[in-house]
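Here's the structure we're looking at; comments come further down.
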Amino acid sequence: MGSLRWRCGEHVLGLGERTLVMGILNVTPDSFSDGGRFLDAEPAVEHAVRLAREGADIVDVGGESTRPGADEVPVDEELRRVVPVIERLVGELPELVVSVDTRKAEVARAAISAGASIVNDVAAGRDPAMLSSVAGSDAGYVAMHMLGEPGTMQRDPHYDDIVEQVRGFLANRVADAETAGIDRERVCVDPGIGFGKTLEHNLVLMRDLDRIVDLGLPVLVGASRKRFIGMLTGVEDPSDRLEGTAAAVAWAVGAGAHIVRVHDVGRIVRVVRVVDAIRAGTAPQEGS
């Protein structure tokens, strides 16, 4: 994995020497795995602090579920869910990199004003104002591939060449981001595992992840507890898919992913540490 820098507001994240872990914080009632657990600000902040203590480099705060079949959340409600949590996190943990998981430009702007350093956009700029909103800040930006919308994306998704089409889409969105004024050093890409993809699509995309890494940009992979893992292992409850998640994370790290987005931060940090050491052929330095 080559060395890269990802500039996210006041933070400059060095990528390559070790894999970064992004912890998931869903402040939603209906997320597929942990919906409702952290809907109120107090338990949400407590959970984020726990994720940071377990080794999360980034905490990703989302106020709208994008699980298959999910309905869109009104802007005012999404703002009510995420902004107070982001403000508290930035105030209590100033060294923590905070991300907002949103596809709405208005939410992205408010989150950045509240202190978020990254906009994690599952719609990759489908909101016409998103790219210009991020360009007007110094925040990092994640462009993810999704076929269709969350409510419809799993209705018979089709590709002629899943990897080439996802790769081409991401390359085009990065070019659009640069045209909008977002410096390339601020952009990260995500192939969108589980977003408008069948089991076979996900497996091929994971198998050939190196073709996405070849874009020469930071690559984020979010496979944690996803349905394809349940299909392979026969585990219905998403919260019980730790072993499958660990396998997917290990594969992604070995293929060159720079950031992995996960629920079980503490355990996955240990998985990542081992894979990073094997790949490097040497143990990490103390404190690294």
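Here are some notes:
- Screening residue 282 with (1) out of contact with any Asp or Glu (no Cβ under 9 Å at 6 or more places or on another chain); (2) assigned to a helix (DSSP H, G or I); (3) open to solvent by 20 Å² or more (accessible area, probe 1.4 Å) gives one miss only, at (2).
- Output for segment 106-121, where each listed residue is farther than 21 Å from residue 52 by Cα, open to solvent by less than 10 Å² (accessible area, probe 1.4 Å) and in contact (Cβ under 8 Å) with a residue 24 or more places away in the chain: 107, 108
- Residue 277 closer than 18 Å to residue 18 by Cβ, hydrophobic (A, V, I, L, M, F, W, C), open to solvent by less than 50 Å² (accessible area, probe 1.4 Å) and more than 18 Å from the chain's Cα centre (by Cα): yes
- Restricting attention to segment 91-105, the residues being surrounded by fewer than 16 Cβ atoms within 10 Å (Cβ to Cβ) and within 16 Å of residue 41 (Cβ to Cβ) number 2.
- Selection from segment 231-277 of residues that are under 19 Å from residue 208 (Cβ atoms) and in a helix (DSSP H, G or I): 232, 247, 248, 249, 250, 251, 252, 253, 254, 275
- Verdict on residue 199 being open to solvent by less than 60 Å² (accessible area, probe 1.4 Å) and over 20 Å from residue 4 (Cβ atoms): yes
- Among the residues of segment 79-126, those identified as assigned to a helix (DSSP H, G or I) and basic (Lys, Arg) are 80, 81, 88, 109.
- Residue 261 vs. criteria modelled with pLDDT of 95 or more and out of contact with any strand residue (DSSP E or B) (no Cβ under 6 Å at 6 or more places or on another chain): no
- Of the residues making up segment 130-146, those that are open to solvent by less than 10 Å² (accessible area, probe 1.4 Å) and either at pLDDT below 95 or within 18 Å of residue 75 (Cβ to Cβ) (or both) are 130, 134, 146.
The values are calculated or read from the model by the stated rules, or taken from the named source; none is laboratory data. Being a predicted model, the structure only gives us computed values, none of them experimental. Glycine also receives a Cβ, built like all others from the backbone with ideal geometry; neighbour counts cover every protein chain displayed. Calculation scope for accessible area: heavy atoms of the full protein, side chains included, ligands and nucleic acids excluded. Shrake-Rupley method; radii C 1.70, N 1.55, O 1.52, S 1.80 Å.
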